[in-house]
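Below you'll find the structure, written out as structure tokens, and then a few comments.
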Amino acid sequence: MQLNPASGLKTPKLALRLPKTVPIDTLQAILLKPLCPDRFEIARAQIVVELLYFTGLRVSEAVSLRWVNSSRDQPLQTNWLCLKRQEIHVEGKGSKQRIVPLANVFVERLKLWHNYVTLFFVQQNHWARDAVLLTHKGKALTARQAQHDLTRLEHYFSMGCHLHPHMLRHSFGSHLLQESQNLRAVQELLGHRSLSSTQVYTALDFKHLAAVYDTAFPRSKK
């Protein structure tokens, strides 16, 4: 019986692949634009970007959101958004439920979107569902359609960079950690079961700090 001389060798560990994020200035350029008045798909794409970035939701969670008006409606829905209470309730992976607060500026943007959608379907004489994200036919948006929306937005605004739903979730986690330094809070808002899943953002944060150090510290320059 021949022995394999390589059987005792251990394969090298793969380098940790850090999640990609969207630059803050690129996101600011989108967030500061008014909702596109004459292109329903572009306006929806703007809301998709903001919803994923402001809340850190997975795209599957975002497209399943329904509007609710009061606590009386909430037991009927698993994934809901309430403007009055300024919060989102979602059930994520492993049936883990979490509540995500909504920033005041985003609440105002969502009110504009709600009015925009209502007027659009009144003009179309079309009944729409209570989903937060809708197609122009009044049906709930799918995760694949949301991805197409981001691609459409890239071309419409000539952004010059690729947008992906999970990049916006990573951007939320990374930017929040940079500002708060609270890993436990980021874990809770992202719905991670294990803190180790959230710790990847500490590596991103270190890269940010290293870049600041290289730029600002006099002795780091040649």
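Could you check, for the range 39-60, whether at least one of its residues is over 28 Å from H155 (Cα atoms), surrounded by fewer than 21 Cβ atoms within 10 Å (Cβ to Cβ), of a type outside the set (A, V, I, L, M) and over 15 Å from the mean Cα position of the chain (by Cα)? If you could, list the steps in order and put the result at the bottom.
Going through the range 39-60, the residues over 28 Å from H155 (Cα atoms) turn out to be none.
No, the range 39-60 has no match at all.
For the range 141-158, name all the residues that are surrounded by 13 or more Cβ atoms within 10 Å (Cβ to Cβ) and over 18 Å from the mean Cα position of the chain (by Cα).
In the first step, residues of the range 141-158 are kept if they are surrounded by 13 or more Cβ atoms within 10 Å (Cβ to Cβ); the result is 141-143, 145-154, 156-157.
Selection gives Y156, F157.
Looking at the range 148-197 only, could you name the residues that are more than 22 Å from L134 (Cβ to Cβ) and among the hydrophobic types (A, V, I, L, M, F, W, C)?
Passing the criteria: M159, C161, M167, F172, L176, L177, L183, A185, V186, L189, L190, L195.
If R184 meets every condition in (1) open to solvent by 80 Å² or more (accessible area, probe 1.4 Å); (2) assigned to a helix (DSSP H, G or I); (3) in contact with a helix residue (DSSP H, G or I) (Cβ under 7 Å, 6 or more places away or on another chain) apart from one, which number is that one?
Only one criterion is unmet by R184, namely (3).
Please go through the range 129-165 and pick out each residue that is over 14 Å from Q46 (Cβ atoms), of a type in the set (D, E) and part of a helix (DSSP H, G or I).
Within the range 129-165, no residue meets the criteria.
To keep it simple, each residue is scored yes or no on (1) within 23 Å of R169 (Cβ to Cβ); (2) touching a Gly at 6+ places or on another chain (Cβ under 6 Å); (3) of a type outside the set (D, E).
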residue	(1), (2), (3)
T55	yes, no, yes
K96	yes, yes, yes
A103	yes, no, yes
L110	yes, no, yes
H126	no, yes, yes
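Yes/no matrix, rows are residues, columns are (1) open to solvent by 80 Å² or more (accessible area, probe 1.4 Å); (2) modelled with pLDDT under 95; (3) under 16 Å from L35 (Cβ atoms):
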{"residue": "N69", "(1), (2), (3)": "yes, yes, no"}
{"residue": "Q77", "(1), (2), (3)": "no, yes, no"}
{"residue": "H89", "(1), (2), (3)": "no, yes, no"}
{"residue": "K96", "(1), (2), (3)": "no, yes, no"}
{"residue": "I99", "(1), (2), (3)": "yes, yes, no"}
{"residue": "A103", "(1), (2), (3)": "no, yes, no"}
{"residue": "L110", "(1), (2), (3)": "no, no, yes"}
{"residue": "V117", "(1), (2), (3)": "no, yes, yes"}
{"residue": "F120", "(1), (2), (3)": "no, yes, yes"}
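Looking at L83, L133, L110 in this structure, which one is farther than 14 Å from V49 by Cα and among the aliphatic types (A, V, I, L, M)? It would help to see each step written out before you state the result.
Numbers: L133 fails: farther than 14 Å from V49 by Cα; L110 fails: farther than 14 Å from V49 by Cα.
After applying the criteria, what remains is L83.
The values are calculated or read from the model by the stated rules, or taken from the named source; none is laboratory data. Owing to the predicted nature of the structure, the values given are computational and were not obtained by experimental measurement. Cβ: placed from backbone, ideal geometry, glycine included. Neighbour counts: every protein chain shown. Only protein heavy atoms, including side chains, enter the accessible area calculation; ligands, DNA and RNA are left aside. Shrake-Rupley method; radii C 1.70, N 1.55, O 1.52, S 1.80 Å.
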